[in-house]
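Peer 1: First the structure, which I've put down as structure tokens, then a few questions once you've had a look.
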Amino acid sequence: MEYSAAPLQRLIEQFQKMPGIGAKTAQRMALFVLGEPKEEARDFALAITEAVDKLHRCSVCCNLTDGEVCPICKSSLRNRKTVCVVENVESLMAMEKTNEFKGTYHVLHGVISPLDEVGPDDITVKELLSRITADEVNEVIMATGSSVEGELTAMYISKLLKPLGVRVTRLAYGLPVGSDLQYADSVTLARALQGRLEL
């Protein structure tokens, strides 16, 4: 039985689609938005619309950007010879918070997962390989998670890069096994980055 107006129900349902958001939290979020002044609620809706319409993958690293190239790839202060490979944009953001890494990134947008029918062609492995030769990269840091899928992806990419003469390293195991990079604190990530190992 419906206990609220259809537009409110639709708003709750949209919030509930977000990862980790249950029915009660979605309801609280929807009611919060509706309790805001109309102008702020419209700004919120506009921010979502603009992000969906304007953001796309960087032509170099596959990070999200509103231009041809993302700010990290544009920066002249970044070392283009070192590339940190991450599973997703959240992991990139987590690495950036450490202020330790001065190279560039490559966002895979997933990991190889045979059980989920995700193979190398479903993530941005080809784009990474084309960058390696074009930018004369000499080190690739595999910063995928420590899950089985993260390890599988790191090993697969490592085997493709070794014949190209590229040094492939892996973040040190300062990260809890089975955890996602985006949930680790900055100190743990910084130590893992400093203690990376050759694959």
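The values are calculated or read from the model by the stated rules, or taken from the named source; none is laboratory data. Bear in mind that the values here come from a model prediction, so they are computed numbers and not experimental data. Heads up, the Cβs are rebuilt from the backbone with ideal geometry, glycines too, and the neighbour counts pull from every protein chain shown. The area values use the complete protein model at the heavy-atom level, side chains included, leaving out ligands, DNA and RNA. Shrake-Rupley method; radii C 1.70, N 1.55, O 1.52, S 1.80 Å.
Peer 1: Determine the share of the chain's accessible area contributed by carbon and sulfur atoms, expressed in whole percent, with a 1.4 angstrom probe.
Peer 2: 57 percent
Peer 1: Using the heavy atoms of the protein chains and a 1.4 angstrom probe, tell me the accessible area per residue for the chain in square angstrom.
Peer 2: 59 Å²
Peer 1: Okay, next question. For Arg80, what residues show an amide H to amide H distance below 5 Å, using hydrogens built from the backbone and excluding near sequence neighbours?
Peer 2: Sorted by chain and number, the residues that satisfy this come to none at all.
Peer 1: A further question follows. For the chain, modelled as a Gaussian network with Cα springs under 10 Å, which listed residue fluctuates most, Phe15, Phe101, Phe44?
Peer 2: Highest fluctuation of the listed residues: Phe15.
Peer 1: Would you give the gap between the C-alpha center of segment 59-78 and the C-alpha center of segment 100-151, rounded to a whole Å?
Peer 2: When both Cα centres are located, 16 Å separates them.
Peer 1: Could you pull out the longest piece of the chain with no exposed loop GluC sites (Glu not before Pro) in it, calling a site exposed if DSSP puts it outside H, G, I, E, B and it has at most 16 other Cβ atoms within 10 Å?
Peer 2: 3-67
Peer 1: Enumerate the amide H contacts of Tyr105 below 5 Å, restricted to partners 5 or more residues apart or on another chain; note that Pro and chain-start residues carry no placed amide H.
Peer 2: Those lying under 5 Å, H to H, from Tyr105 are Cys84.
Peer 1: Give Lys17/Lys54; Lys81/Lys126; Lys17/Lys126; Lys97/Lys126; Lys17/Lys38; Lys102/Lys126 a once-over and call out the pairs whose C-alpha atoms are over 25 Å from each other.
Peer 2: Lys17/Lys126; Lys97/Lys126
Peer 1: Sticking with this one: Within the P(r) computed for the chain, what percentage of the Cα pairs occupies the region above 28 Å?
Peer 2: 38 percent
Peer 1: Here is a follow-up. Could you derive backbone 3J(HN,Hα) for segment 137-150 from the dihedral phi with the Karplus parameters 6.51, -1.76 and 1.60 (θ = phi - 60°), listing whole Hz in sequence and x where the residue is Gly or Pro?
Peer 2: Result, rounded to whole Hz: 5, 10, 9, 10, 9, 7, 10, 6, x, 8, 6, 4, 5, x.
Peer 1: Now, a different point. Given H placed 1.01 Å from N in the peptide plane, which residues other than close sequence neighbours of Cys61 have an amide H under 5 Å from its amide H?
Peer 2: Cys70
Peer 1: To continue, here is another question. Quick one: 3J(HN,Hα) in Hz for segment 37-49, Karplus 6.51/-1.76/1.60 with θ = phi - 60°, rounded, Gly and Pro as x.
Peer 2: Whole-Hz 3J(HN,Hα) from phi for segment 37-49: x, 3, 5, 5, 5, 5, 4, 4, 5, 5, 4, 5, 4.
Peer 1: Further question on the same structure: So for segment 50-171: antiparallel DSSP bridges make up what percent, rounded to the nearest 5?
Peer 2: Counting DSSP beta bridges with both partners in segment 50-171, the antiparallel share is about 20 percent.
Peer 1: HN-Hα J couplings of segment 161-169 from phi, Karplus 6.51/-1.76/1.60, θ = phi - 60°, integer Hz, Gly and Pro as x?
Peer 2: Working through the residues one at a time gives 8, 3, x, 7, x, 8, 6, 10, 10 Hz.
Peer 1: Which of the peptides 54-63, 102-111 is most tightly packed, and how do the rest follow, judged by the mean count of other Cβ atoms within 10 Å per residue?
Peer 2: Going from most to least packed, we get 102-111, 54-63.
Peer 1: At 1.4 Å probe size, what's the solvent-accessible area of Asp135? Round to the nearest 10 Å².
Peer 2: Taking all protein chains as shown, Asp135 has close to 50 Å².
Peer 1: Then there's this: Counting helices only, and only those DSSP H runs with n ≥ 4, report the 222 nm mean residue ellipticity of the chain as the sum of -39,500 (n - 2.57) divided by its residues, in deg cm²/dmol to the nearest 500.
Peer 2: My calculation for the chain gives -13000 deg cm²/dmol from helical runs alone.
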